[in-house]
1. Out of the residues in segment 1-15 that are of a type in the set (Val, Ile, Thr) and farther than 16 Å from Lys60 by Cα, state the one that is surrounded by the most Cβ atoms within 10 Å (Cβ to Cβ).
2. Out of the residues in segment 16-34 that are in a helix (DSSP H, G or I) and exposed (fewer than 11 other Cβ atoms within 10 Å of the Cβ), state the one that is nearest to the chain's Cα centre (by Cα).
3. Just the residues that are assigned to a helix (DSSP H, G or I) and small (Gly, Ala, Ser), please, taken from segment 35-57.
Amino acid sequence: MGSADRVIRILAAILMAYLWWSGKVGGALGVALLVFAIVFVVTSFVGFCPLYTLIGLSTKKDTPAAGA
């Protein structure tokens, strides 16, 4: 997972948590947003998204091999 992806996920998680905490989104949708926010934070800190593996997506920039 690339660094830009991590930052976007953290910002999205903050927004989702704020919407739930402020009461702007409640009920089942609010709980779903909170769960997504937690998943976004965890995957950002770990640097791995299982869904990306399933669909074959990578946001990490390729780095040249040492000595190349």
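Nothing in this text is a laboratory measurement; each read-out follows from the coordinates by a stated rule. In this text, all values refer to a predicted model and were calculated from it rather than measured experimentally. Note that each Cβ is placed from the backbone with ideal geometry, even for glycine, and that neighbours are counted across all protein chains shown.
1. Only one residue tops the list, namely Ile10.
2. Going residue by residue through segment 16-34, those that are in a helix (DSSP H, G or I) are 16-21, 27-34.
Restricting the remaining residues to those that are exposed (fewer than 11 other Cβ atoms within 10 Å of the Cβ) gives 27-28.
Working: Gly27: 22, Ala28: 20 Å.
Ranking the candidates gives Ala28 first.
3. Ala37, Ser44
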